[in-house]
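One structure is given below, encoded as structure tokens.
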Amino acid sequence: MEIHLNIEPIESWGVKPTKPFILSGPCSAESEEQVLTAARGLAAYGVQIFRAGIWKPRTRPNQFEGVGSVGLKWLRTVKQETGMLTATEVANVKHVYEALKMGVDILWIGARTSANPFSVQEIADALQGVDIPVLIKNPVNPDLELWIGAIERIAGAGITKLGAIHRGFSSSEKTKYRNVPQWQVAIELHQRIPNLPIICDPSHIAGRADLVFEISQQAMDLGQDGLIIESHPNPKIALSDGKQQLTPDEVGQLIKNLKIREATTDNIKFTQSLEELRAKIDMIDEEILAIIQRRMNVVKEIGKNKKENNIRILQTDRWMQIIEKAKQKGNSKGLSDEFIEKLFKAIHQESINIQTEILNS
Ligand code: PEP
Ligand code: MN
């Protein structure tokens, strides 16, 4: 169901509309010099919003936890010197008050905070009556309702300059990403709140600099509105997230190389062939469902057999065989291990559910 929130477009934040819309800056503000060097470099490529973490949510204690309030003065200097707007993460009421006092222009709520309704509500209460853009990162776990809930809490405080940041989701499985992008979740968010700008954070999705471009391009191809990219003058010596940060020049290169494609066209030939291909896809999808139904019918037979013979459901060896065989066959058909594993896990889970129902009937 569509949710109606009073949301102003990005231009209302006080920036010129650009495609894509870019926020960039270091993971953490480390020193006045580091912040200013990054900002000057980025401003030269037309970046209008400078991000920098002042308070850093670190996984383990005794890591660099941000420079704290002193860094807010550096952000003020960035604004005075380059004219860029500044943005930082707030995780509690004290952060909100200090950032507002020092004139930070845009706030964002981090992934660990947006997973916690108590924290989000406290931040929302502190923002009551304040007119400032607030961006809400997805919670670390792929829970769309929790993400929407955080957005609604901030909207409930009267904030109308709202945006969401897709920064990927943590996963127990090993993948090439630090935080797996779940584009489907972001797409669903767009369907639920169509006027909410969505910004992609390719840096925290990637976890490594060499993947940042392809993720940014994908976000653009999916129609997302902007990018928030971590950039450090010298990533090798960064105090946090060194592996994923780009230099300002690399950010400039990325912006130049991005292809911004149109959402639609009135070219009849293109539209016709797209319609035909979509009709094909619809038919294939129906076939897929019919095949899965056939598979589940066989699963039901097996379930009945197991019940009659008093055999338990899960046979680990058999499952390992299935998945290995599927991966081999899938590979030869150009399908990735990651996809095959996800697909077969879902099928296997459904098969277990069906058998459980039979055993308990
Ligand atoms: C960040 O943007 O620096 C950050 C800590 O991100 P996240 O909340 O997405 O982990
Ligand atoms: Mn970071």
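Side notes on the structure shown:
- By average C-beta atoms within 10 angstrom, highest first, the peptides 104-110, 193-199: 104-110, 193-199
- Distance between the modelled labels on Lys269 and Asp221, one decimal in nanometres: 2.3 nm (7 Å Cα→Cβ projection).
- Working note: Karplus 6.51/-1.76/1.60 with θ = phi - 60° gives segment 239-254 the couplings 7, 8, 6, x, 5, 9, 8, 9, 6, x, 4, 5, 5, x, 4, 4 Hz, where Gly and Pro are set to x.
- Relative contact order of segment 249-361, defined on C-alpha pairs under 8 angstrom at six or more residues apart (%): 31
- Summing +1 for each Lys or Arg and -1 for each Asp or Glu among the other residues whose beta-carbon sits under 13 angstrom from that of Leu5 gives 0.
- Length gained on full extension, Ser171 to Glu188: 4.2 nm, using 0.36 nm per residue less the C-alpha separation.
- Shape of the chain from the C-alpha gyration tensor: prolate (a/c of 1.5 or more and a/b above b/c, with a ≥ b ≥ c the square roots of its eigenvalues).
- Between Ile288 and Leu335, the distance separating the two model label sites (each 7 Å from Cα on the Cα→Cβ line) works out to 0.9 nm.
- Working from Cα pairs under 8 Å separated by at least six residues, relative contact order for the chain is 14 percent.
- Label point 7 Å beyond Cα of Asn309 along Cβ direction - residues of segment 319-351 with amide nitrogen under 17 Å: 319
- Using θ = phi - 60° and Karplus 6.51 cos²θ - 1.76 cosθ + 1.60, couplings along segment 55-63 (whole Hz; Gly, Pro as x): 10, 10, x, 9, 4, 10, x, 6, 9
- Close amide-amide hydrogen proximity is noted between Trp108 and Thr88, Glu89, Val90, Leu135, each under 5 Å apart and 5 or more residues distant or on a separate chain (H modeled in the peptide plane; Pro and chain starts excluded).
- Burial order of peptide ranges 237-243, 54-60, 261-267, 87-93 (average beta-carbon count within 10 Å, highest first): 87-93, 237-243, 54-60, 261-267
- Within the chain, percent of DSSP bridges classed antiparallel, to nearest 5: 5
- Pairs spanning more than 29 Å between alpha-carbon atoms, out of Lys94/Lys236; Lys280/Lys304; Lys19/Lys269; Lys243/Lys333; Lys176/Lys236: Lys94/Lys236; Lys280/Lys304; Lys243/Lys333.
- Under 22 Å from Lys101, Cα to Cα: lysines that are on another chain or at least 8 residues apart: Lys56, Lys73, Lys79, Lys161
- If the chain linking Arg318 and Arg40 were pulled fully straight, counting 0.36 nm for each residue of separation and taking away their Cα-Cα distance, it would gain 94.1 nm.
- Amide H contacts of Leu23: Leu227, Ile228, Ile229, each under 5 Å away and 5 or more positions distant or on a separate chain (H built 1.01 Å from N in the peptide plane; Pro and chain starts excluded).
- Candidates Glu30, Glu350, Glu173: whichever shows maximal mean-square fluctuation once the chain is modelled as a Gaussian network with Cα springs under 10 Å: Glu350
- The string of couplings for segment 38-50 from the Karplus curve (6.51, -1.76, 1.60, θ = phi - 60°) is 4, 5, 4, x, 6, 4, 5, 9, x, 5, 9, 10, 9 Hz, one whole number per residue in order, with x for Gly and Pro.
The numbers here are math on the coordinates, done by the rules we state, and not lab data. Everything numeric in this text was worked out from a predicted model, so none of it was measured. Note that we place each Cβ from the backbone using ideal geometry, even for glycine, and neighbour counts take in every protein chain shown.
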